[in-house]
Amino acid sequence: MEHVDSIIHAKWIIPVEPDKTVYENYSLTIKNARIHTLLPTEETIKQYKSHETTTLDEHALIPGLVNAHTHAAMSLFRGLADDLPLMTWLNEHIWPAEAAWVNYDFVQDGSQLAIAEMLRSGTTCFNDMYFFPNEVARVASECGIRAAVGIILIDFPTIWAKDADEYFQKGLEVYEYYKSNPLISFTFAPHAPYTVSNEPLKRVKNLSDELGLPIHMHVQETEDEVAQSKVQHSERPLQRLAKLDLLSPRFLAVHTTQLTSTEIEQLATSGSHVIHCPESNLKLASGYCPVVSLMEAGVNVALGTDGAASNNDLCMLGEMRTAALLAKAVAKNAAALPAHSALRMATLNGAKALGLESEIGSLTPGKAADITAINLGELESQPIYNPISQVVYTANRNQVTDVWVAGKILLKNRILTTMDIAEIKLKTNAWKNKIYTGRK
């Protein structure tokens with residue numbers, strides 16, 4: 001018998017590749033941090049042995065969820081300024097709060113809170129855009145989660161950097177320090193067309209080409225953004241970005257609630273990706289991303305939660321369900337965005353957008369063992385006719401029991417193995433008291 005590092009016996013395995021596939025009474029073996037085999041449980045028992053065997057006889061194994069757009073540290077602003085339109089929310093509440101409170105410790109503690117929440121809801125990789133990317137990378141690496149860390153860029157000075165040169169200098173220093181870390185990848189993260197001017201965007205384009213890094217950017221999130229661009233630049237944001245040659249297979253356009261048919265075709269032709277954040281868009285009343293039209297045109301559409309300050313959670317299971325239901329309503333078609341497509345958006349499509357599809361996003365032998373186990377044995381998920389539908393339409397984050405990243409178990413029977421929840425709660429409460437007192 002062959003010895004492997006670990007064996008997981010499951011009721012169902014949903015690999016995402018091939019599409020719509022469900023393996024029943026199957027097992028997955030892990031060797032050298034990678035998926036080694038997927039075989040019927042009877043065959044696995046005969047062929048493989050391990051000192052670490054997990055039996056999940058009421059569970060579905062899915063690829064670890066990929067949260068393709070976050071502002072992790074903003075979890076400390078969860079609920080701070082609810083029920084407001086985007087620009088009021090930003091200008092009058094979030095940006096002043098960031099100016100007052102964001103520092104090294106804030107990003108450390110906020111990122112820990114976010115990562116704990118994401119792991120407990122089945123996310124194994126997140127794509128972040130925030131200040132102090134060095135802290136985001138350090139905390140993610142220590143916790144064992146996979147992270148795509150944004151090299152943030154914005155025109156105005158912040159506590160992280162005073163001008164474009166310093167944003168680039170400090171961001172590239174973080175990239176150089178962590179680029180050999182197998183859990184940490186990078187994107188360039190210019191905030192938005194209305195906050196980043198042309199010259200820095202040209203530099204982003206050149207560096208992206210040189211280093212092969214994706215560009216991750218809020219684009220056409222609201223009607224106001226488009227209207228302002230027409231006044232300031234005499235063109236829509238995507239037109240401006242296209243003229244700067246930013247649209248490409250390395251471009252990730254986040255939100256995109258205001259798209260014309262011509263722009264949809266432009267995104268498709270350029271190979272750009274769209275990151276859909278349905279719950280944040282709904283909560284801020286930003287509009288509806290035309291997901292079905294984008295996918296029909298051939299655009300890769302992935303899912304993100306946005307930050308907890310505007311969502312207000314980081315649960316990708318909830319995001320999948322909302323995305324599927326919203327797409328049906330917008331398309332006026334109950335068959336639009338079926339469950340298997342929503343699951344693909346939350347896994348393989350996110351990996352593809354980040355350039356990580358050869359490493360993660362599906363349960364395929366040879367890929368990294370990033371795995372999420374969901375208990376479908378709960379009363380609320382019964383009866384089970386289609387496990388994929390149950391994962392998307394009935395499962396919630398409390399049914400996520402076990403999570404592995406690169407073969408290491410980070411959540412075991414709902415208990416985090418690399419993080420101290422009590423300590424995280426204490427730090428979070430201390431921040432809440434400071435911020436609340438400071439706003440009185």
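Bear in mind these aren't lab numbers, they're just calculated from the coordinates by the rules spelled out. If you're wondering where the values come from, they're calculated on a predicted model, not measured in any experiment. Because the Cβ atoms are built from the backbone with ideal geometry, glycine has one as well, and the counts that use them run over all protein chains shown.
May I ask which residue of S286, L113, V301 lies farthest towards the positive end of the charge dipole of the chain, with charges of +1 (Lys, Arg) and -1 (Asp, Glu) on Cβ and the Cα centre as origin?
Comparing the listed Cα positions along the dipole, L113 ranks first.
Once you sort the root eigenvalues of the Cα gyration tensor of segment 306-360 as a ≥ b ≥ c, which label holds: rounded (a/c under 1.5), prolate (a/b larger than b/c) or oblate (the other case)? All intermediate terms of the calculation are to be shown ahead of the outcome.
Numbers: a/c = 2.55, a/b = 1.21, b/c = 2.10.
Because a/c hits 1.5 or more and a/b fails to exceed b/c, segment 306-360 counts as oblate.
Once the Cα atoms of helix 261-270 and of the chain are each reduced to a long axis, what angle between those two axes, in degrees from 0 to 90 to the nearest 10, is obtained?
70
For segment 333-358 and segment 197-234, write down the distance between their C-alpha centroids in whole Å.
25
With +1 assigned to the C-beta of every Lys and Arg and -1 to the C-beta of every Asp and Glu, and no other charges, what is the dipole magnitude of segment 30-101 about the Cα centre in debye, to the nearest 20?
460
Ratio of Rg to Rh for the chain, alpha carbon only, Kirkwood? Could the numbers behind the result be given before it?
Details: Rg = 21.1 Å, Rh = 22.0 Å.
Ratio of gyration radius to Kirkwood radius for the chain: 0.96.
Out of M129, M87, M74, any idea which swings most in a Gaussian network model of the chain, alpha carbons joined below 10 Å?
Result: M87 has the largest fluctuation of those listed.
Answer rounded, prolate or oblate for segment 104-213, using the Cα gyration tensor with square roots of eigenvalues a ≥ b ≥ c: rounded when a/c is under 1.5, else prolate when a/b is larger than b/c, else oblate. Let's see the in-between values first.
Numbers: a/c = 1.97, a/b = 1.58, b/c = 1.24.
Cα axes put segment 104-213 in the prolate bin.
Projected onto the charge dipole of segment 15-89 (+1 at Lys/Arg Cβ, -1 at Asp/Glu Cβ, origin at the Cα centre), which of H36, L56, W89 gives the Cα projection farthest towards the positive end?
Checked the options; the winner is H36.
Could you work out how far helix 198-211 tilts from the main Cα principal axis of the chain, as a 0 to 90 degree angle to the nearest 10?
30
Round to the nearest 10 and give me the degree value, 0 to 90, for the angle of helix 421-439's Cα axis relative to the longest principal axis of the chain.
20
For segment 9-118, which trypsin sites (Lys or Arg not before Pro) are both in a DSSP coil and crowded by at most 14 other Cβ atoms within 10 Å? Could the numbers behind the result be given before it?
Working: sites: K11, K20, K31, R34, K46, K49, R78; in loops: K20, R78.
When the trypsin sites (Lys or Arg not before Pro) of segment 9-118 are filtered for loop state and at most 14 Cβ neighbours within 10 Å, K20 remain.
What number, in percent, do you get for the relative contact order of segment 67-189 if the mean sequence gap of Cα pairs under 8 Å and at least 6 apart is divided by its residue count? Each step should come with its number before you reach the end.
On the way: 168 pairs, mean separation 31.5, N = 123.
RCO, segment 67-189: 26 percent.
What is the magnitude of the charge dipole of segment 322-375 about its Cα centre, with +1 placed on the Cβ of each Lys and Arg, -1 on the Cβ of each Asp and Glu, and no other charges, expressed in debye to the nearest 20?
Working: 5 positive and 3 negative charges, 57 e Å.
For this selection, approximately 280 debye.
Along the charge dipole of segment 208-349, which of P214, S270, S234 sits closest to the positive end, that is, farthest toward it, with unit charges on the beta carbon of Lys, Arg, Asp and Glu (+1, +1, -1, -1)?
Most positive-ward Cα: S270.
Looking at the chain, send over the antiparallel percent of its DSSP beta bridges, to the nearest 5. Don't jump to the answer; show the numbers that get you there.
Details: 28 of 64 bridges.
Expressed as a percentage, antiparallel bridges in the chain total about 45.
Normalising by the residue count of the chain, find the relative contact order in percent from Cα pairs under 8 Å and 6+ residues apart.
Numbers: 942 pairs, mean separation 92.1, N = 440.
Here the relative contact order equals 21 percent.
Would you calculate, for the chain, the mean residue ellipticity at 222 nm contributed by helices, counting each DSSP H stretch of 4 or more residues as -39,500 (n - 2.57) and dividing by all residues, to the nearest 500?
Per the formula, -11500 deg cm²/dmol.
Return the single residue from S121, S341, S229 with maximal mean-square fluctuation; model: Gaussian network over the chain, springs between Cα atoms under 10 Å.
S229
Evaluate the charge dipole of the chain about its Cα centre and quote only its size in Debye, nearest 20, assuming +1 on the Cβ of each Lys and Arg and -1 on the Cβ of each Asp and Glu. List each step's numbers first, then the result.
On the way: 38 positive and 50 negative charges, 52 e Å.
Using Cβ point charges on Lys, Arg, Asp and Glu, the chain gives about 240 debye.
Among E279, E58, E423, whose mean-square fluctuation peaks in a Gaussian network model of the chain (Cα, cutoff 10 Å)?
E423
Counting DSSP beta bridges in segment 4-157, what percent are antiparallel, to the nearest 5?
Details: 13 of 27 bridges.
DSSP beta bridges in segment 4-157 are roughly 50 percent antiparallel.
Filter the trypsin sites (Lys or Arg not before Pro) in segment 165-204 down to the DSSP loop ones having no more than 16 other Cβ atoms within 10 Å, then list what survives. Each step should come with its number before you reach the end.
Values: sites: K170, K179, K202, R203; in loops: K179.
In loop regions of segment 165-204 (DSSP not H, G, I, E or B), the sparsely surrounded trypsin sites (Lys or Arg not before Pro) are K179.
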